[in-house]
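Novice: Provided herewith is a single structure, encoded as C-alpha cells, for subsequent inquiry.
What follows is calculated from the coordinates using simple rules that are stated; it is not laboratory data. These figures come from a predicted structure and were not determined experimentally. Ideal geometry is used to build each Cβ from the backbone, glycine not excepted, and the neighbour counts take in all protein chains shown.
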Amino acid sequence: MSRQASRLDAKKVNSEFLTLTYGALVTQMLRDFENVDDVNKQLERIGYNMGMRLIEDFLARTSAPRCLEMRETADRIQQAFRIYLNVQPTISNWSAASDEFSLLFDTNPLTEFVELPSDLSNLRYSAILSGCIRGALEMVQLEVQSWFVQDQLKGDNVTELRVKFVRRLEEAIPAGED
Amino acid sequence: MSEEIVFDCLHAEIVNYCLNNSKDQNDLGTLEYIGFTTGYRLIERLTRDVGRFKDELETMKFICTDFWTLIYKKQVDNLRTNNYGMYVVQDKAFRFLTRISPGSKQLEQAPKFVAFTCGLVRGALSNLGINSTVTAEVQTIPACRFHIEVNRDGHHILFSPFAKLAQRPLFVRQLRLQRIWICVYTQCRLWTY
C-alpha cells in the first residue's frame, strides 16, 4: 500500500482535485441558470467571497507589509498565485499612469481538462480568479476592476487578466470608535 | 498545505451556493451530485497506474487509505465491514468539520459539510464498478462516520470469482461443470487403480 501511495503525487492530485471540483461546480451552474451571464456573475461572486478569506491567510503566511504603490501590489498578487495555485503569471502591459496592468498566464490550472463547447463562447470559465483578486484587494482597502482580456479556452495564446486600480477605500470605522 | 486552504474556501462556497440556490434549504442532492462527478473523474486519474483490484474489499481499502489520505490529509481511523456489503468508515477529525466549533447548534449544520464527501466516495466507487449508497453520520464534531452500502445487484458481478462463468449461457455452464466433474471422476479412478 505504501508503495502505491508514493506513486501518487500529492501535490498534483491536490491541484487536479481542485480543478475537477471547480469544473463540477461550473457544470452545475450551467444547468441551474439558463443565462450564461448569470453564471459569470455567480462565479465572480464566489471568487470574491474566496478572495476575502484568502487574503487573511496570505497576510498571515507572508507577513507582507503595506503596499505603497500598484507595482508592489502586482508583485504580491503574483506571489499569491504562486502560493495558492502553483502558477507564476507574468506581469506586463503597464499603463502609462501605472494604475493598470496585466497578468499573463501560460498555463491555467483551472482549465486543465476543459474544452468549451461553441455555444458557450461568452462563458468566462475562470471568472473566479478575477473575483478573487477583487475580493482580496478590497479587504486591504483597494478597489480594483479585474477582467479577462484573452483566454486560452477561447483560442488565444495566453490567458490575460487585466487589473485596474479604481480608488483607495477609506477605512470605515464604526461610529463611536477611534 | 497552501492549496488546502483554497480548496476549503471553494468547498465552503460550493456548500453556500448549492443551499442558497435550491428551493429547499435542506436539499443536499445537488451538493452530493457535484461530489459524485468529481469523485468519478478523479478516481479515473488516480488509478491509472494502479493494478486492478482483486475484490471489493481491496477497492474499499484503496479508497480509505490512498484516496482518503490524498484528499483529507489523514488516514481514516477505522474501517469496518460486516462482509455483506456494508462498510463503516470512521474519521475522528474530518477535514471539513475541524474548523467548526463543537456544539449542538453547529451539529445541526453538519450534514451540509459531509454531503460533498458522500458523493465523492460514491462517485469514486461507481467508477471502480461498485454501485453503492453512501450516508454519513455526525455525532460529535469533528468526528464523522460514513456508511457505505454496496448495492449487490448488477455491478458486483465484475468482482465475483465466477463472473465469467455466471455470464455465460446456461448450457455452456453445464458443460463446464460436467467437465470438471469428469476430471474429478477420472482422477478418482486413477487413484483407485
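Novice: Run down the lysines and flag those whose C-alpha is under 21 Å from the C-alpha of B:Lys54, throwing out any fewer than 8 positions away in its chain.
Specialist: B:Lys164
Novice: Let's test the formula: R0 of 41 Å, r as the Cβ-Cβ distance of B:Thr81 and B:Asn16. What FRET efficiency results, to the nearest 0.05?
Specialist: Calculated transfer efficiency: 0.75.
Novice: Which residue, A:Asn86, A:Asn108, A:Asn14, has the most motion in a Gaussian network model of chain A that connects Cα atoms within less than 10 Å?
Specialist: Taking springs between Cα atoms under 10 Å, the residue moving most is A:Asn14.
Novice: Now for a separate question. Please find the FRET efficiency linking B:Thr69 to A:Thr107, where r is the Cβ-Cβ separation and R0 is fixed at 22 Å, and quote it to the nearest 0.05.
Specialist: Calculated transfer efficiency: 0.25.
Novice: Measuring from centroid to centroid over Cα atoms, what is the spacing of region A:122-178 and region B:77-135 in Å?
Specialist: Between the Cα centre of region A:122-178 and that of region B:77-135, the gap is 36 Å.
Novice: At a Cα cut-off below 17 Å, give the lysines reachable from A:Lys154, other chains included and same-chain residues fewer than 8 away excluded.
Specialist: Cα-Cα hits under 17 Å: none found.
Novice: Is region B:26-89 rounded, prolate or oblate when judged by the Cα gyration tensor, a ≥ b ≥ c being the square roots of its eigenvalues, rounded requiring a/c under 1.5 and prolate requiring a/b larger than b/c?
Specialist: Judged from the Cα gyration tensor, region B:26-89 comes out oblate (a/c at least 1.5, b/c at or above a/b).
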